[in-house]
Amino acid sequence: MTFASSTSSREVVLSQHRPGPEVLPSRCVSIQEGERSPLQVGQVRVLNDFMQVTAVMADLMSESPGLPMPAYPLGKALWGGAVGTVIESAADLPVGTVVQHMKGWQEESVDEASAFYPVPMEYLPGREYVLNQGVTAFHGMADIAAVTEGDVVFVSGAAGGVGSLAGQIAKALGAAKVIGSAGSPEKVKYLVDELGFDAGINYRDGLVEEQLADLAPEGISVFFDTVGGSQFEAAVQAAAPGARFALCGALAGQIAGGDQGSPRLDIMTAIVKQLTIRPFSTHHTPDQLAAWGSHYGQWLAEDRLVFPHTIVDGGLDVAPTVLDGLLEGRYRGNVLIRLHP
Ligand SMILES: NC(=O)c1ccc[n+]([C@@H]2O[C@H](COP(=O)([O-])OP(=O)(O)OC[C@H]3O[C@@H](n4cnc5c(N)ncnc54)[C@H](OP(=O)(O)O)[C@@H]3O)[C@@H](O)[C@H]2O)c1
């Protein structure tokens, strides 16, 4: 049964492995016409409305990214989060169902119906709201850092996809003060004015350690790190005794390359302060998905959280350069591409 039909089904394919951060992701991909074959029994065809762009996608283009998720295979479409509508069905999933899935970077996606998850639209203001990095942000804040009432929290990379939710989650969990770092005065203002952070640090403007000492003279009790490098080193110096560090990412190294994401650990200070330093990797287990899902819709409805995001128009054609721009810091929050008008 057919609900609507698009004229093309193009996809973004990995045309060469990315040798390192010095090469823009857009140089490693091409847009190809996908094969539009008839559905097999049990399959559905989905017209994608929005796709998600995240920093790790650039890493997944390398030959051996060493990450706990599959690298992009040469000559095949990239994968990533997307939301769309079932337009043809040879399965129990009816035409018209809004679904989310991991077959992004395509205008249309075809697979077994079990690869697509109906979106609970009653809890969300718009379908694009499912394309968020809240599972990671919530797992890091609630389970790894165990944020609780009264905590003084520092989030690095706070205007990015994960960080912009992590700071808001810390507030919602009762943190007394949340400080975020970002790379421009506009982004710092965004953190405070629109996301409810108590204060922001422009890491390009003065030493982070000194700015933290001014903003949190009592010391930070939690550090949620997406950047690594010198911001991690500053957080060790700014930490209160017993502080918990949740290490989520190393953007400084992922984006600038070299050893910039790899901090030196001042071991004596860490010992004296008895810091707990926990790197973590989110596997989107049913428990982790349920934990975030049970808070997200409610916090949005109660205005305790906003979904920080940037929607870029232009369809699949702009997707590769949007990933370039994300690494360059051009966007705020979770970055989404509208795939058709
Ligand atoms: N542990 C896990 O399970 C897990 C899951 C998902 C993601 N991650 C990781 O979480 C991190 C954030 O991911 P994301 O997708 O939300 O990325 P993102 O924060 O949206 O990344 C883009 C941002 O990185 C910042 N940036 C660029 N160069 C920088 C530098 N040299 N130093 C500091 N910041 C720099 C830019 O912000 P400014 O303009 O502010 O510099 C830019 O907006 C990544 O490391 C990702 O791999 C981990």
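If I filter segment 296-311 down to residues being in a strand (DSSP E or B) and in contact (Cβ under 8 Å) with a residue 40 or more places away in the chain, which single residue comes out as nearest to A146 (Cα to Cα)?
Going through the qualifying residues, I end up with H309.
Which residue pairs have Cβ atoms closer than 6 Å, lie 6 or more positions apart in sequence or on different chains, and pair a first residue in segment 264-283 that is closer than 21 Å to G253 by Cα with a second residue that is loosely packed, with under 11 Cβ neighbours inside 10 Å and not basic (K, R)?
Partner pairs satisfying both residue conditions: S281/P68.
Please work out which residue is nearest to the ligand (Cβ to nearest atom), limiting yourself to segment 146-178 and to residues that are farther than 19 Å from I311 by Cα and of a type in the set (S, T, Y).
Filtering first and then ranking leaves S156.
When A137 is evaluated against the numbered criteria (1) touching a helix residue (DSSP H, G or I) at 6+ places or on another chain (Cβ under 6 Å); (2) over 22 Å from V188 (Cβ atoms), which criterion, by number, is the only one it fails?
Evaluating A137 over (1) touching a helix residue (DSSP H, G or I) at 6+ places or on another chain (Cβ under 6 Å); (2) over 22 Å from V188 (Cβ atoms) leaves (2) as the failure.
Filter segment 18-76 for residues that are in a strand (DSSP E or B), farther than 23 Å from R330 by Cβ and free of Cβ contacts under 8 Å to residues at least 60 places away in the same chain; which is farthest from the ligand (Cβ to nearest atom)?
E33
Which one is surrounded by the fewest Cβ atoms within 10 Å (Cβ to Cβ), of the residues in segment 325-339 that are of a type in the set (A, V, I, L, M) and near the ligand (Cβ under 8 Å from one of its atoms)?
L327
From G80, G96, which residue is out of contact with any strand residue (DSSP E or B) (no Cβ under 6 Å at 6 or more places or on another chain), within 20 Å of G126 (Cα to Cα) and modelled with pLDDT of 95 or more?
Only one candidate passes the filter, namely G96.
Check every one of the strands (runs of 3 or more DSSP E) wholly within segment 82-151 and list those with 1 or more residues that are in contact with a Gly (Cβ under 7 Å, 6 or more places away or on another chain) and surrounded by fewer than 19 Cβ atoms within 10 Å (Cβ to Cβ).
82-89, 108-112
The values are calculated or read from the model by the stated rules, or taken from the named source; none is laboratory data. Quick caveat: nothing in here was measured; it's all calculated off a predicted structure. A quick note on method: Cβ atoms are made from the backbone with ideal geometry, for glycine too, and the neighbour counts reach across all protein chains shown.
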